[in-house]
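Inspection log for the structure reproduced underneath, given as structure tokens.
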Amino acid sequence: DFTLDIPNDDMLWLLKASITPHRARQMGIGYSEYYRRIILPIYKDGKLVYFQARKLHDDQDIKYINPSVDRSAIGYWVIPEGADKSRIIVTEDILSAIRVGYHVPAMSALGTKLSIPLANQLSEYKHVTTWLDPDEAGIQGARDMRKLIGLTTPTSNIATDKDPKDYCDEDIAYYLSRR
């Protein structure tokens with residue numbers, strides 16, 4: 001029950017984050033008619049390892065449906081072609097990683113907690129910047145991530161009034177240039 005053809009009404013959720021139907025297809029983002037949810041898949045070496053099924057309608061209770069698997073080593077990585085390992089941005093959600101990943105390497109931690117395996121993968125970069133949501137959980141999560149990553153790698157933080165996915169490309173580039 002997965003298709004890359006996302007109904008127009010449900011596509012609006014992606015369009016709010018400036019993710020077009022073409023970009024959604026490129027990223028493998030699809031739709032489940034049974035669940036009436038956008039499906040955000042995560043692949044590793046061409047194999048599906050995880051997904052998030054995102055709530056779209058008011059009559060749905062749970063924001064994300066996720067498989068019950070060990071996701072300690074699973075993040076959503078967006079590495080632009082030709083990017084080096086000088087810097088990576090850690091975001092809270094997949095759409096933010098996609099949007100920031102237009103500009104620089106980005107990784108969604110799929111929440112506000114960072115596992116040791118993901119921290120080890122991030123330590124391959126010369127600098128790690130956190131850019132999480134501006135709510136209390138995001139602010140604390142960013143602190144905790146920098147504390148963990150900072151043991152081996154220089155870190156910094158971008159703090160904004162909105163989630164990274166809610167900014168236009170020009171604003172994202174501006175915030176990236178300041179940190």
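Tally time: how many residues in region 153-179 are touching a strand residue (DSSP E or B) at 6+ places or on another chain (Cβ under 9 Å) and assigned to a loop (DSSP other than H, G, I, E, B)? Total satisfying the criteria: 7. Please determine, by comparing only the residues of region 126-139 that are over 24 Å from I65 (Cα atoms) and over 17 Å from the mean Cα position of the chain (by Cα), which one is most open to solvent (accessible area, probe 1.4 Å). The selected residue is K126. Here the condition is being under 23 Å from I19 (Cα atoms) and among the basic types (K, R); of K147, K165, it holds for K165 alone.
Restricting G150, G111, G138 to those that are without any contact (Cβ under 8 Å) to a residue 12 or more places away in the chain and out of contact with any strand residue (DSSP E or B) (no Cβ under 7 Å at 6 or more places or on another chain) reduces the list to G150.
Per the listing S156, S123, S177, the residue uniquely open to solvent by 70 Å² or more (accessible area, probe 1.4 Å), among the small types (G, A, S) and either at pLDDT 95 or above or more than 21 Å from K16 (Cβ to Cβ) (or both) is S177.
Filtered by the rule that a residue be assigned to a loop (DSSP other than H, G, I, E, B) and closer than 22 Å to R25 by Cα, region 84-108 gives E92, D93, G101, Y102, H103, V104, P105. Restricting to region 83-118, name every residue that is among the aliphatic types (A, V, I, L, M) and open to solvent by 10 Å² or more (accessible area, probe 1.4 Å). Those that are among the aliphatic types (A, V, I, L, M) and open to solvent by 10 Å² or more (accessible area, probe 1.4 Å): A83, V104, L110, L114, I116.
Residues in region 34-47 that are modelled with pLDDT of 95 or more and in contact with a Phe, Trp or Tyr (Cβ under 9 Å, 6 or more places away or on another chain) were compared, and the one that is surrounded by the fewest Cβ atoms within 10 Å (Cβ to Cβ) is P41. Scanning region 1-33 for residues that are open to solvent by less than 60 Å² (accessible area, probe 1.4 Å), in contact with a strand residue (DSSP E or B) (Cβ under 9 Å, 6 or more places away or on another chain) and assigned to a loop (DSSP other than H, G, I, E, B) yields I6, P7, M27, G28, I29. Among the numbered conditions (1) under 15 Å from the mean Cα position of the chain (by Cα); (2) not in a strand (DSSP E or B), the only one that I62 does not meet is (1).
Does region 65-82 contain any residue that is within 16 Å of L132 (Cα to Cα) and either assigned to a loop (DSSP other than H, G, I, E, B) or not hydrophobic (A, V, I, L, M, F, W, C) (or both)? Within region 65-82 (the criterion being within 16 Å of L132 (Cα to Cα) and either assigned to a loop (DSSP other than H, G, I, E, B) or not hydrophobic (A, V, I, L, M, F, W, C) (or both)), the answer is yes, since at least one residue qualifies.
The values are calculated or read from the model by the stated rules, or taken from the named source; none is laboratory data. Quantities reported herein were computed from a predicted structural model and do not represent experimental measurements. Cβ atoms come from the backbone with ideal geometry, glycine included; neighbour counts cover every protein chain shown. For accessibility, only protein heavy atoms count, side chains too; no ligands or nucleic acids. Shrake-Rupley method; radii C 1.70, N 1.55, O 1.52, S 1.80 Å.
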